[in-house]
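Student: Below are the structure tokens for one structure; questions will follow.
The values are calculated or read from the model by the stated rules, or taken from the named source; none is laboratory data. What you are looking at is a predicted structure, and each value in this text was computed from that prediction instead of being measured. Virtual Cβ from ideal backbone geometry, glycine too; neighbours counted across all protein chains shown.
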Amino acid sequence: MPDDRLSAIEREIAKLCQSFAASLPERRDALIAGWSAFENSGWKGVGADQLYRAAHSLAGSAATFDFANLGRHARVLTDHLHALIDRANVTSDDRTKAQQMLGELLAELSKEIEARR
């Protein structure tokens, strides 16, 4: 492949990565809104689905765009939420753990957002 064509592909990949990085504030907001809906829904139903989808989407896309640490935090939260959604009773320990995982994910998101300002 000629160098100029490789450079064009590299530029397109860089644009995609920049676009993903630019979406991080909105993704953070979606996680916060999802958490609120999750709490308000009694840890079930639409609220649980909203938070799970936001975390799951971030887990998959972060790894694609070389945000490995962010993807790892999102995956840990996603796995925990999946277990909670399938469980009949969610304990206060489960909720505390989910809230801690979300806090760690939001901290990592904030770090990435700040690094790109």
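Student: Would you say residue 85 is of a type in the set (A, V, I, L, M) and more than 21 Å from residue 24 (Cβ to Cβ)?
Tutor: Details: of a type in the set (A, V, I, L, M): yes; more than 21 Å from residue 24 (Cβ to Cβ): yes.
Considered against the rule, which asks whether it is of a type in the set (A, V, I, L, M) and more than 21 Å from residue 24 (Cβ to Cβ), residue 85 comes out as yes.
Student: Sticking with this one: Contact list please: Cβ distance under 6 Å, first residue in region 42-59 and under 16 Å from residue 86 (Cα atoms), second residue of a type in the set (A, V, I, L, M, F, W, C) and outside any loop (DSSP other than H, G, I, E, B), pairs at least six apart or on different chains.
Tutor: From residues that are under 16 Å from residue 86 (Cα atoms), the pairs are 47/37; 47/38; 48/38; 48/85; 50/37; 51/35; 51/38; 52/81.
Student: Please verify whether residue 46 is surrounded by 15 or more Cβ atoms within 10 Å (Cβ to Cβ) and more than 15 Å from residue 113 (Cα to Cα), treating the condition exactly as stated.
Tutor: No.
Yes/no matrix, rows are residues, columns are (1) within 27 Å of residue 111 (Cβ to Cβ); (2) more than 10 Å from the chain's Cα centre (by Cα); (3) among the β-branched types (Val, Ile, Thr):
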{"residue": "16", "(1), (2), (3)": "yes, yes, no"}
{"residue": "22", "(1), (2), (3)": "yes, yes, no"}
{"residue": "41", "(1), (2), (3)": "no, yes, no"}
{"residue": "67", "(1), (2), (3)": "yes, yes, no"}
{"residue": "70", "(1), (2), (3)": "yes, no, no"}
{"residue": "78", "(1), (2), (3)": "yes, no, yes"}
{"residue": "82", "(1), (2), (3)": "yes, yes, no"}
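Student: Can you confirm whether region 45-52 contains a residue that is on the phi > 0 side of the Ramachandran plot and not charged (D, E, K, R)?
Tutor: Yes, region 45-52 contains at least one residue that is on the phi > 0 side of the Ramachandran plot and not charged (D, E, K, R).
Student: Which of the residues spanning region 18-49 are modelled with pLDDT under 90 and not acidic (Asp, Glu)?
Tutor: The answer is 37, 38, 40, 41, 42, 43, 44, 45, 46, 47, 48.
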